[in-house]
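Chemist: Supplied in structure tokens, the structure appears directly below.
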Amino acid sequence: MAIMNSKLLFILCSILAISCSSSDSPMQPEGDDTEDALGNWETFAALPTPRQEVPHVVLDGKIYVPGGINRSRSASAAMEIYEPDSDSWSTGAPLPERLHHLGMAAAEGTLYILGGYVGNGFTPTSDVYELNRENAEWNRKANMPTARGAHAAVEFEGKIYVIGGADRFGRALGINERYDPESDTWITLTPMPTPREHLAAAVIDTIIYVVGGRSANSGNLVNSARLEAYSPSTNSWTQRRDMPTSRGGLAAAALHGKLYAFGGEFPGVFIENEEYDPATNAWRKLVPMPTPRHGIGAAAVNGKIFVIGGGPNAGFGTTEVNEAFSPPPD
């Protein structure tokens, strides 16, 4: 879901008025030889609190799903934790604020919440919190230089990179800022060439890949297929081959040296599952998601990529679906 100027917000609100508020969990798709050659999907224990606009972060083999927008169209402070080994959920420390379109990353065994929109509106915050897992309390850390929501946050070599997003006017940003948890300091890096919000990012080897997203152009939402690669060692960007399907509100994850992009939104909701191979700079389409969704995260654990929750309709609406994709063998 996007944040934008008042004219565009009015247009989108008109669209949201006809969207549904929930969906039923899907049946697991039947497998066949073609599907196995292009990967396969499985259904697992449902998210206890259906939400959209939720990042996913893996820590100690568990998937953390924070905040987001619930079925009442309200921002949530929930933190729910999925254990893939037991296919079960538990409740974690509630967020210190009700946040949606937030960023989250894990560095050196610690969880960090970075920015997002506060409460039920679309006012971005620059707040940063660190979770003390010993007492289950969130501690304030140095604010991001730029308040924003609908951004991407990833960890690389113990530092957290926060890229893109939207400001309080709904403008898509190319800003690239790095947080050092050890010194509790921020620096501003070379901006992303293509400003975007509702984008996704993942790390493969020594490169941060940023894919998809969208921006507002003359009162219209414009989805992007752009894939740009950032090298932390050289502080430079390289454009790679565009994704086959332009989409914002998508999720991305890296597994076995490849990038996977799932779902997305606007004007409808996307079912696409596309794989990028950095070695060949090429994309291919894989088995679509059983449940089309936007406002999702993606997390790789035990050779599967879990895509949990999200919105099954454009705009508001939530689902509890927890589906995992197993990529095809090389």
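Chemist: For region 172-190, state whether one or more residues are among the aliphatic types (A, V, I, L, M), over 15 Å from Gly103 (Cα atoms) and either without any contact (Cβ under 8 Å) to a residue 24 or more places away in the chain or in contact with a Cys (Cβ under 9 Å, 6 or more places away or on another chain) (or both).
Modeler: Taking region 172-190 first, the residues among the aliphatic types (A, V, I, L, M) are 172-173, 175, 187, 189.
Checking which are over 15 Å from Gly103 (Cα atoms) leaves us with 172, 187, 189.
Filter once more, keeping what is either without any contact (Cβ under 8 Å) to a residue 24 or more places away in the chain or in contact with a Cys (Cβ under 9 Å, 6 or more places away or on another chain) (or both): 187.
For region 172-190, residues among the aliphatic types (A, V, I, L, M), over 15 Å from Gly103 (Cα atoms) and either without any contact (Cβ under 8 Å) to a residue 24 or more places away in the chain or in contact with a Cys (Cβ under 9 Å, 6 or more places away or on another chain) (or both): present.
Chemist: So Ala324 passes all but one of these: (1) under 20 Å from His198 (Cα atoms); (2) within 19 Å of the chain's Cα centre (by Cα); (3) not in a loop (DSSP other than H, G, I, E, B). Which condition number does it fail?
Modeler: If we test Ala324 against (1) under 20 Å from His198 (Cα atoms); (2) within 19 Å of the chain's Cα centre (by Cα); (3) not in a loop (DSSP other than H, G, I, E, B), just (1) comes out false.
Chemist: Within region 62-87, restricting attention to residues that are of a type in the set (A, V, I, L, M) and under 19 Å from Asn313 (Cβ atoms), which residue is nearest to the chain's Cα centre (by Cα)?
Modeler: The first filter runs over region 62-87 and keeps only residues of a type in the set (A, V, I, L, M), leaving 63, 65, 69, 75, 77-79, 81.
Then keep just the ones that are under 19 Å from Asn313 (Cβ atoms); that gives 69, 75.
Details: Ile69: 14, Ala75: 16 Å.
Among them, the one singled out is Ile69.
Chemist: Ok, one more. From the list Asn40, Asn120, which residue is over 16 Å from the mean Cα position of the chain (by Cα) and over 30 Å from Tyr276 (Cβ atoms)? Please lay out each step first, then the result.
Modeler: On the way: Asn40 fails: over 30 Å from Tyr276 (Cβ atoms).
Asn120 is the lone residue from the list that is over 16 Å from the mean Cα position of the chain (by Cα) and over 30 Å from Tyr276 (Cβ atoms).
Chemist: Here's something else I'd like to know. Please verify whether Thr280 is β-branched (Val, Ile, Thr) and either closer than 21 Å to Gly164 by Cα or surrounded by fewer than 19 Cβ atoms within 10 Å (Cβ to Cβ) (or both), treating the condition exactly as stated.
Modeler: Working: β-branched (Val, Ile, Thr): yes; either closer than 21 Å to Gly164 by Cα or surrounded by fewer than 19 Cβ atoms within 10 Å (Cβ to Cβ) (or both): yes.
Yes, satisfied.
Chemist: Can you go through Thr146, Thr49 and tell me which one is surrounded by fewer than 23 Cβ atoms within 10 Å (Cβ to Cβ), over 27 Å from Glu323 (Cβ atoms) and modelled with pLDDT of 95 or more?
Modeler: Working: Thr49 fails: over 27 Å from Glu323 (Cβ atoms).
The unique qualifying residue is Thr146.
Every residue, every condition in (1) among the hydroxyl-bearing types (Ser, Thr, Tyr); (2) under 24 Å from Ala261 (Cβ atoms); (3) buried (at least 18 other Cβ atoms within 10 Å of the Cβ), yes or no:
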| position | (1), (2), (3) |
| --- | --- |
| Asn40 | no, yes, yes |
| Ala45 | no, no, no |
| His56 | no, yes, yes |
| Gly68 | no, yes, yes |
| Arg71 | no, no, no |
| Ala78 | no, no, yes |
| Phe122 | no, no, yes |
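Chemist: Still on this structure, please answer the following. What are the residue pairs meeting all of these: first residue in region 313-330, first residue farther than 23 Å from Glu265 by Cβ, second residue modelled with pLDDT of 95 or more and of a type in the set (S, T, N, Q), Cβ atoms under 6 Å, and 6 or more apart or on different chains?
Modeler: Ser326/Asn40
Chemist: Write out, first by first residue and then by second, each pair whose Cβ atoms fall under 8 Å of each other, whose residues are 6+ apart or on separate chains, and whose first residue, in region 238-262, is in contact (Cβ under 8 Å) with a residue 24 or more places away in the chain and buried (at least 24 other Cβ atoms within 10 Å of the Cβ) while the second is in a loop (DSSP other than H, G, I, E, B) and of a type in the set (Asp, Glu).
Modeler: Here the result reads Arg247/Glu272; Ala261/Glu272; Phe262/Glu272, each pair linking region 238-262 to a residue that is in a loop (DSSP other than H, G, I, E, B) and of a type in the set (Asp, Glu).
Chemist: Any chance you could count how many residues in region 96-127 are under 16 Å from Asp167 (Cα atoms) and hydrophobic (A, V, I, L, M, F, W, C)?
Modeler: 5
Chemist: Now for a separate question. Among the candidates Val203, Val211, Val222, single out the residue that is of a type in the set (A, V, I, L, M) and touching a residue at least 60 places away in the same chain (Cβ under 8 Å).
Modeler: On the way: Val203 fails: touching a residue at least 60 places away in the same chain (Cβ under 8 Å); Val222 fails: touching a residue at least 60 places away in the same chain (Cβ under 8 Å).
None of the others qualify; the one that does is Val211.
Chemist: Could you list all residues from region 80-105 that are surrounded by fewer than 24 Cβ atoms within 10 Å (Cβ to Cβ) and either part of a strand (DSSP E or B) or of a type in the set (A, V, I, L, M) (or both)?
Modeler: Applying the first criterion (surrounded by fewer than 24 Cβ atoms within 10 Å (Cβ to Cβ)) to region 80-105 yields 80-81, 83-98, 105.
The answer is Glu80, Ile81, Glu83, Ser88, Trp89, Ser90, Thr91, Ala93, Leu95, Ala105.
The values are calculated or read from the model by the stated rules, or taken from the named source; none is laboratory data. A quick note: this is a predicted structure, and the numbers were derived from the prediction, not measured. Glycine gets a Cβ as well: all are built from the backbone with ideal geometry, and neighbour counts include every protein chain shown.
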